[in-house]
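The values are calculated or read from the model by the stated rules, or taken from the named source; none is laboratory data. This is a predicted model, so every value here is computed, not measured. Here the Cβ positions follow ideal geometry from the backbone for every residue, glycine too, while neighbour counts run over all protein chains shown.
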Amino acid sequence: MKLVSQLKDEVAGLLQGTNLNNITNLNGALERAAKIVVQKASIPEAVGRQNYSLYWGVYDYPAPTSIFDSSIIDLRPQGNSRTSFDYVYRKPIEQFDRTKSYTPSGYSLTFEYNKGVPIMRVSQNKSQAGIILDPMNDTTGWTAGGTASSLATDEASFYEQPAALKFNLLSGGGIGSLSKTITTQDLTSYKNVGVAFLALRVPTGASLSSIELRLGSSSANFYTVTVTQGFLGAWPDAEYTLVAFNLATATTYGTPDITKITHINLRFTYTANLTNVNAGKLFLSLPFPHQLIYETAAVFLQSGVLSSTITDDTDQITLNDAAYLIYIYECAMTIAVQSGGGLSSNLVQIFQQTLGGIPGKPLGLYDYYRADNPSQINKMIGNYYD
């Protein structure tokens, strides 16, 4: 693979020996050109992979931070378990949400953004069915402790119909708890591998410090996991989010019997009053390993890490000869346009013709490249008139 230092030498040659040391934000221009190349052509080398565990009952997952414009190619199970019916359907947000509970085979998928953070939404029936520890839609059996108070049923703000639990965390801060004795559950298959998910809604996320989940055969013998954020990141304000408790990280207190789990205890640590907190569902799910394939502008490799930004002239460029040639010309044109003046007047036109061709004359580099490398992006299906 070529180095960034070699790229700069090539670009300087196309710019007729221009001293690139005089170019403002040179690395930024090279990074920008890489994004232009990925936008104009589907580059097989500009493909990212990210491993995911998909869970029963979970639809929202953190999307790769390096994904380019939500351009996915495939979502596939790891191993050889895929069938000929396991298509990946990318849908509009509204259509996905209406049909997410029904995916007979394959995968339905869409993307959303929350304050610039990408969220990948996935519906599938591949994961093994989980266990609902408690629907949390009735106060029967639940006890509020510590600084938790006013436990009630909320039929207006629920995660799933018909209701959710509602309670307050007051006293200006502290630890409030919810406890319940449930019907005996054998959780052997979930020990050290399963994930417990809690649907939670708090009025002010910044006031919540952590949540501890205790699952045990008694109040003195239990497994415990503490988390400081939701499955998708920081606690949101006034929005239901799933909180994931990975039992692979659980600490054991006493001698709990995993075959006879009867005790649930949720402990909320907070720093300011929280009124009308909702807890909507507590369930267990097993991970099913998958892999997402997507387009990315992260084509710079340094110490085994891919990035869309240049860290040093020793960064490697993951493009092969055909894509690298296009990239050289795109870098030269980007710099020529940025520099302006006499440098850009003639050279930009030459670079544009080399990359895009001239009507009625030989094709440009992009035309030849796209002919051999058609896009594999999974296009959105459906429309607002369906």
Taking region 82-107 and the residues there that are in contact (Cβ under 8 Å) with a residue 40 or more places away in the chain and not charged (D, E, K, R), the one that is nearest to Ser127 (Cα to Cα) would be Val88
Are any residues in region 30-40 surrounded by fewer than 19 Cβ atoms within 10 Å (Cβ to Cβ) and hydrophobic (A, V, I, L, M, F, W, C), and if so, which ones? Ile36
Could you figure out which of (1) exposed (fewer than 13 other Cβ atoms within 10 Å of the Cβ); (2) touching a Lys or Arg at 6+ places or on another chain (Cβ under 8 Å) isn't true of Ile175? (1)
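Yes or no, residue by residue, for (1) in contact with a strand residue (DSSP E or B) (Cβ under 6 Å, 6 or more places away or on another chain); (2) closer than 28 Å to Leu319 by Cα; (3) not assigned by TED's automatic domain parsing to the domain that holds Val38; (4) not hydroxyl-bearing (Ser, Thr, Tyr):
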position	(1), (2), (3), (4)
Trp56	yes, no, yes, yes
Ser70	yes, yes, yes, no
Leu75	yes, yes, yes, yes
Gly79	no, yes, yes, yes
Phe85	no, no, yes, yes
Note on Thr259: of the conditions (1) more than 18 Å from Leu151 (Cα to Cα); (2) touching a residue at least 60 places away in the same chain (Cβ under 8 Å); (3) within 27 Å of the chain's Cα centre (by Cα), unmet is (3)
Options Ala279, Ala238, Ala248, Ala272: the member that is in contact with a helix residue (DSSP H, G or I) (Cβ under 9 Å, 6 or more places away or on another chain), of a type in the set (A, V, I, L, M, F, W, C), assigned by TED's automatic domain parsing to the domain that holds Asp138 and touching a residue at least 40 places away in the same chain (Cβ under 8 Å): Ala272
Among the residues listed as Thr188, Thr181, the single one being in contact (Cβ under 8 Å) with a residue 40 or more places away in the chain and out of contact with any strand residue (DSSP E or B) (no Cβ under 9 Å at 6 or more places or on another chain): Thr188
Name the pairs whose Cβ atoms lie under 6 Å apart, with the first residue in region 119-133 and more than 30 Å from Asp69 (Cβ to Cβ), the second assigned to a loop (DSSP other than H, G, I, E, B) and of a type in the set (Phe, Trp, Tyr), and 6 or more positions between them or separate chains? Ala129/Trp56; Gly130/Trp56
Filtering region 132-150 for residues that are β-branched (Val, Ile, Thr), surrounded by 19 or more Cβ atoms within 10 Å (Cβ to Cβ) and under 20 Å from Leu284 (Cα atoms) leaves a count of 0
In region 80-100, is there at least one residue being β-branched (Val, Ile, Thr), surrounded by fewer than 18 Cβ atoms within 10 Å (Cβ to Cβ) and touching a Ser or Thr at 6+ places or on another chain (Cβ under 6 Å)? yes
So which residues in region 62-79 are surrounded by fewer than 18 Cβ atoms within 10 Å (Cβ to Cβ), small (Gly, Ala, Ser) and within 17 Å of Val38 (Cα to Cα)? Ser66
From Asp372, Asp321, Asp313, Asp367, grab the single residue that is in contact with a Ser or Thr (Cβ under 6 Å, 6 or more places away or on another chain), over 26 Å from Ile93 (Cα atoms) and not hydrophobic (A, V, I, L, M, F, W, C). Asp313
Wholly within region 162-251, strands (runs of 3 or more DSSP E) carrying at least 3 residues that are within 23 Å of Gly146 (Cα to Cα) and in contact with a Ser or Thr (Cβ under 8 Å, 6 or more places away or on another chain): 164-169, 174-185, 195-201, 208-218, 221-227
Among strands (runs of 3 or more DSSP E) entirely inside region 272-386, those with 2 or more residues being aliphatic (A, V, I, L, M) are 274-285, 288-296, 305-307
Is it the case that some residue within region 86-93 is part of a helix (DSSP H, G or I), over 20 Å from Gln128 (Cβ atoms) and of a type outside the set (Lys, Arg)? yes
